[in-house]
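All remarks here apply to the structure that follows.
The values are calculated or read from the model by the stated rules, or taken from the named source; none is laboratory data. Since the model is a prediction, treat every value here as computed from it, not as a measurement. A quick note on method: Cβ atoms are made from the backbone with ideal geometry, for glycine too, and the neighbour counts reach across all protein chains shown.
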Amino acid sequence: MRCPNCGSDNPAFHAFCYQCGSTLTQLTDHSDGGFTAPRTQDLQPELKKVTILFVDITNSVQLIHKLKAEDSADYLDPTISSLKQNAHRYGGMINRVDGDGMMVIFGAPVAYEDHSIRACYAALDMLKSVQAEYERTGIAVRIGIHSGEVLMKPFYNDFSVDYEALGPTVYLAHRMEVLASPNTAVISREAFHAAQKHIKVIDLGPVQVKGLDEPVEVYQLQSRVRQDDGHESKLGDTPFIGRDNELKLIQRNLMETRDHCGRCVAICAEPGVGKSRLVTRFLYAVNPT
């Protein structure tokens, strides 16, 4: 099946493009000229390490309570569209939109090694775009971010596949958003630790979160970190973490070739998890100059 977004060819059973993550749909059956029935085969849930971002327009009720329904939609839609664009710019998937807010997943269904950084960068761009229009619109947002493991449960929505993210990570990300003041973003300790070399924050200290027994450490997101040359840090400049075993395996295969034994190593994984980064790290270890 050809992806309508990037043009890549995919196996017929794929629900998402392996290259760009776009939804793949097949609406018609040309053999009989009719519509195909929605797919019914079982879809298996998967555990994924992701970053969840919640964003909500804080003062929407006060802004639109005197407007007609169609006028209120026209008033809020430009901001909602801007929030979506900033999420998509960094590879976020809009999981759901609830009126004046939305939940965005970074790291699934398309995996990204730097999903925490992407979420923080998206949040900063969201705040920047909303603040730029605040004098004219009076609209403010609050954002919450948390990184952790979720159960990604796929389900058929007519002819397409949607996802439901389940687990405490989703709840805690939403609690981060509730803690945020208007036009600020609050992130958890887990999100901060994963992105700390790329962002500046204000430490808000331990905060009691509804539903949890122990206080959690939270941070207010401030800006990107600027490098020594004055440029902001970019995606892809992430630390090399969690691939030591794979790197050692490749290095061991290289050592065995010295005994005149040929070796072939295949690195297989879904897009975005760091295959190219692993190869680059291996080549640098072999020849660091």
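Hey, could you check region 180-192 for residues that are among the hydrophobic types (A, V, I, L, M, F, W, C) and more than 18 Å from Val130 (Cβ to Cβ) and say which is surrounded by the most Cβ atoms within 10 Å (Cβ to Cβ)?
From region 180-192, those among the hydrophobic types (A, V, I, L, M, F, W, C) are 180, 185-187, 191-192; that's our starting set.
If we keep only those that are more than 18 Å from Val130 (Cβ to Cβ) as well, we get 191-192.
Numbers: Ala191: 32, Phe192: 21.
Taking the candidates together, the pick is Ala191.
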- Item | Residues satisfying the stated conditions in region 116-161, i.e. of a type in the set (Asp, Glu) and touching a Leu at 6+ places or on another chain (Cβ under 7 Å) | Glu149
- Message: With the structure loaded, tell me whether Ala195 is touching a residue at least 12 places away in the same chain (Cβ under 8 Å), under 13 Å from Gln222 (Cα atoms) and crowded, with 22+ Cβ neighbours inside 10 Å or whether it fails that test.
- Response: yes
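Out of all the residues in region 151-195, which are in a loop (DSSP other than H, G, I, E, B) and more than 24 Å from Tyr75 (Cβ to Cβ)? It would help to see each step written out before you state the result.
Taking region 151-195 as the starting set, the residues that turn out to be in a loop (DSSP other than H, G, I, E, B) are 158-159, 167, 180-183.
Of everything in region 151-195, those that are in a loop (DSSP other than H, G, I, E, B) and more than 24 Å from Tyr75 (Cβ to Cβ) turn out to be Asp158, Phe159, Gly167.
With a cut-off of at least 3 residues that are of a type in the set (Phe, Trp, Tyr), name the helices (runs of 4 or more DSSP H) lying wholly within region 35-150. Show your work before the answer.
Working: elements: 60-64, 69-89, 115-132, 134-137.
Here the list is empty.
Every residue, every condition in (1) more than 18 Å from Glu164 (Cα to Cα); (2) buried (at least 19 other Cβ atoms within 10 Å of the Cβ); (3) not basic (Lys, Arg), yes or no:
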| site | (1), (2), (3) |
| --- | --- |
| Gln44 | no, no, yes |
| Ile57 | yes, yes, yes |
| Asp77 | yes, no, yes |
| Tyr90 | yes, yes, yes |
| Ile105 | no, yes, yes |
| Ile117 | yes, yes, yes |
| Ala122 | yes, yes, yes |
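Table: residues versus (1) of a type in the set (Lys, Arg); (2) under 18 Å from Val178 (Cβ atoms); (3) assigned by TED's automatic domain parsing to the domain that holds Glu217.
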| site | (1), (2), (3) |
| --- | --- |
| Met102 | no, yes, yes |
| Ile105 | no, no, yes |
| Glu113 | no, no, yes |
| Ala122 | no, no, yes |
| Lys128 | yes, no, yes |
| Ala132 | no, no, yes |
| Gly144 | no, yes, yes |
| Gly148 | no, yes, yes |
